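The structure appears right after this line, and notes come after that.
The numbers here are math on the coordinates, done by the rules we state, and not lab data. If you're wondering where the values come from, they're calculated on a predicted model, not measured in any experiment. Cβ atoms come from the backbone with ideal geometry, glycine included; neighbour counts cover every protein chain shown.
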């Protein structure tokens, strides 16, 4: 009782001092907060603060858990908890109480509760589920404030899976009489669109209604959605161009109520938004741009007032004018505008002016020339941000003439800069420029030395890598290469003789590699001198162990016997007992190789940098070791995913639906007991060793017991060992240890190992070919007589930025696959394969084969099927070569430039990407059995040759790797070059796009560049995944990402399910695993081996679909495409 | 989209922290520290834009800030926002605070942190700009205040009785 009185009394003073003013009406609840804050401000040390807060948290904890605490007190406690959290102290015990407050309190307490929840929790927090009901209730409330609060919290964070529960209510709010509610509802829906686009797909019409809302505020809110959607797919919204133009016209013309004016500018933020949308719509579209010219002109004219916000509008205007299809008088005005920005004394405007210039110079380099003086002034500006922006601009206008000056400026900036992020960024740019435009060797080496010393260990690792690659590959003239290397050796020796202690590790690694590789070029230089210098580096205490191993490698290359032996012996003795295993290994290598000059000559070939290395990525040289170990009773290797699957199977209780359907499907499978290679390949994938299974092909039933599909049990082994012995044709190479570190070194210093003969079954290789590769598709290709491995060039000729390690060290996976196919063929099961592949090909995307493929006699019927089915091909946006329109000679002509191995593949329509002057860029994609190839055609229609063509592709969602560079960097007039890229999905998204830039130079002119983008639907990456029902069950359990949704059925009655699934199968190339009554299961995979499983059930006239995959977002994207496919049907 | 709104004082003490993208608690604190570090070393006569804090994500992000007496208002945005537009939005937000608190100062933000959040919620919702019209924002806040007042006056009743009794 006394407790209550005391509390009341402490609340009294603040109540009495209650201020009638609205601003400070609530001191009553903050007195304790006040004390806390006062306490904290009086403290001097972080430690004391910590103590005080801990004390405070403890007292809050006491009170929140006490049942006597009223909601009103809880509200006050919550504010204190928020305060503590904002200082960085965790108060997780209050989370649940925040939710309770939002659930049970009055409107005012609810507000605090919601605020606390939205500050404490995130979208994936499990407690958030408890909030769903509250939100649901509040959305239905008659109290507007409660509805507002619910909408606010929903837009801040809401669990993705729970969106369907509240979606109808939020949609309903779009028709609410109050505009503030409509507006918040629009933004909440936008948030849903961002986190789960497929959920709000059906309400696109309502977005349009919001756009036409009578209240400008609601319309403004809807622009958020449109900006986003148009960004993703500008083509789909071209019809709205005129509407947006009209809206902008009205806004600019002052037709909105005065309330919307800000500093007497009509709705500036709205204008900015609209201009951005227009820029997106008018990009590369002449007719859409034509509609905009007038209003843009009007905007430029109207925005003359001297206020910050008018500049914001002007800036967007200028950007828009330069993005859309050009119109000369507008461009002129825009250019003048940019001039005003750049020349402005206001620093913010200067910044934006530079930004605009950077954006514009790619199209109009003259503009930079006009403002030359200003730009130079900006270089010496006191604001680092302005300086950086200027350098960015300079970077864009660099060419062979000005490179020396610009790089000098950049390095100057780098030397004084302290911000890591800027350093990393700028160092990359300098390296790129130096590589591209270096006027001579000395300059190049010196610049790169500065880059390495300034960039230190922060810079991107590909800078030193590509530098070393460049050195080792050289250019066209042997003599030039020699000079370059010689100069590098010279300058590095000088550096080491000075003060090597200050050099960063990465630089030391580069130095040691270069010295190891090329110091022999310098005749008068004694190896001993170099060795001593290197040994000195080893002794420095700052040298990291990675660097040490680089140095030891270099020494290994240098010791040729003779005088240096003593230095070497000393070093190798020191490090052969090192704690670091890598170092120890290097030291031993050094020791052996320095003594055995014959072996050394064999292992470390000099000047072999130019020859591509065959890398045995399957580690087949370890086979002997593996089989010995197995014979000695070691457990066979299981890949991680298999281990996981087994774990999942071992779980006693499974609440998943497939746990139930498993036994049935399993038995059905074992009854049929068919030996289709599909089954073989899948089970072999699971067991991790298919060679064995293919040898004992008859006993498939054995392998159906799911869990124990593990090889290496007794009885297998003798057979296996026999096979393995035959495989050991290869000499194991000491240097090829798994602990190999120096990537650049290894690619240039090793003897090419002989590849194992393809006919030997090789279990390791098959392990490498990953689980879901769908062996069947490859084997069928094999049968067709076209086992084309992707051509991989190890040598990079163009100086574009590629990752040297990935291209040079890893052999093409398709090689492995090819071997694998051969293995199977040789295992006397070729005939079975042929039969099954005939079956498979009918399921396979038709696009994978071309009509012109010479098909073996036994498979001719497949060709027939293919020809009967052209509609499928068109559906996929792929036009088979045979179906090519005769009136498109240009495409055909471009296609003829494809390399032979690609020209027979099926290709999509050739889309023009961009045109600059006489250079025309176009692209198409080609479907290969296990990859997607993007071919970019660059045709030069002028008479003169172009130089320095650099094509650079990048994508957020895709992994773009260059398959082969164009053979020549310069190319003649009237010719075409083809760049090939192989695409795989990195992050699934509904549509994926590739952004790229191309730059080139006409002789004697400044370089030019253009940007383009290429868009692809995700569906072209989808391939059927052939699994059996019980494999499906196993996989289902192990996948963690899922999504559920109801889809419309096609047709009705008994056949509806089959019909619907057939549509999906045809359109999306899903594989129908089995249909059981009213349920069906399907599977597919995304290149490369990212499986996705689908379970459908007919329920109340709709198709309840459940998708699962190990890949996040894949289920969401797939369901979107399923929905689309069914709608289109 | 706006990724985060941070208000801290000249000593780096956070006064209002609002993230619209999820970051773990310690990451949030690190971001606040880094942002303060970046912003505080800049003079008042340089531009109000900053690029490339390494924590809150690479080249697509930008810090747009304003410095008022003892407080820094920092908005972290991605490339879909207009720089000058946000700069004026900060101004609108601060003017609104000024109107609601009558001569706003740092202490108001400390003692009425929740209230500042409510005002902010009317300006920016889930990372999207909701309202830029100051009168409209103030009107929405007023509506909420009225509700508050009515509730407080109801609660005052029993306390008065208790004192007299």
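Observations on the model:
- The calculated FRET efficiency for the pair residue A:1048 and residue A:997, based on their C-beta separation and a Förster distance of 45 Å, comes to about 0.60.
- Sequence of A:366, A:600, A:1108, A:987 once ranked by neighbouring C-beta atoms within 10 Å, starting from the fewest: A:366, A:987, A:600, A:1108
- Ranked A:373, A:458, A:1035, criterion: other C-beta atoms within 10 Å, fewest first: A:373, A:458, A:1035
- Computed Kirkwood radius, in angstrom, where 1/r is averaged over Cα pairs of the stretch A:171-306: 15.5 Å
- Extension reserve of the residue A:93-residue A:539 stretch, reckoned as 0.36 nm per residue once the Cα distance is removed: 155.2 nm
- Backbone N within the stretch A:414-434 under 18 Å of label point (7 Å from residue A:458 Cα along the Cβ vector): A:414-432
- Residues of the stretch A:319-358 with amide N under 17 Å of a point placed 7 Å along Cα→Cβ from residue A:298: A:321, A:330
- Distance between the pseudo-spin-label points of residue A:328 and residue A:122 (7 Å out from Cα toward the beta carbon): 5.5 nm.
- Look at the stretch B:111-122: the mean tally of other chain Cβ atoms within 10 Å of its residues' Cβ atoms is 6.
- The listed peptides A:936-946, B:124-134, ordered by packing as a protection proxy, come out as B:124-134, A:936-946 (highest mean of other Cβ atoms within 10 Å first).
- Counting only other chain Cβ atoms within 10 Å of each residue's Cβ, the peptide A:256-262 averages 2.
- Nearest 10 degrees, 0 to 90: helix B:113-123 Cα axis against chain B principal axis: 70 degrees
- Residue A:35-residue A:631 pseudo-label distance in nm [points 7 Å out on the Cα-to-Cβ vector]: 8.1 nm
- Helix B:25-40 axis, angle to chain B major axis (alpha carbon atoms, nearest 10°): 70 degrees
- Once both labels are positioned 7 Å from their Cα atoms along Cα-to-Cβ, the gap between residue A:405 and residue A:140 label points is 7.3 nm.
- Shielding score for A:412-420, defined as the mean number of other chain Cβ atoms within 10 Å: 1
- Here the stretch A:131-151 is scanned for amide nitrogen atoms under 11 Å from the site 7 Å beyond the Cα of residue A:209 along Cα-to-Cβ, giving none.
- Neighbour-count ranking [beta-carbon atoms within 10 angstrom, fewest first] of A:425, A:161, A:954: A:954, A:161, A:425
- Normalised by the number of residues in the stretch B:1-88, the average gap of Cα pairs under 8 Å and 6 or more apart makes the relative contact order 34 percent.
- Stretching residue A:59 away from residue A:942 to a fully extended chain increases their span by 309.9 nm, per 0.36 nm per residue minus the current alpha-carbon distance.
- Highest mean first, the peptides A:998-1009, A:901-912 sorted by other C-beta atoms within 10 Å per residue fall in the order A:901-912, A:998-1009.
- Here the calculated FRET efficiency for residue B:43 and residue B:135, from their Cβ-Cβ distance with R0 = 45 Å, stands at 0.85, rounded to the nearest 0.05.
- All Cα pairs of the stretch B:2-155, percent lying beyond 23 Å: 36 percent
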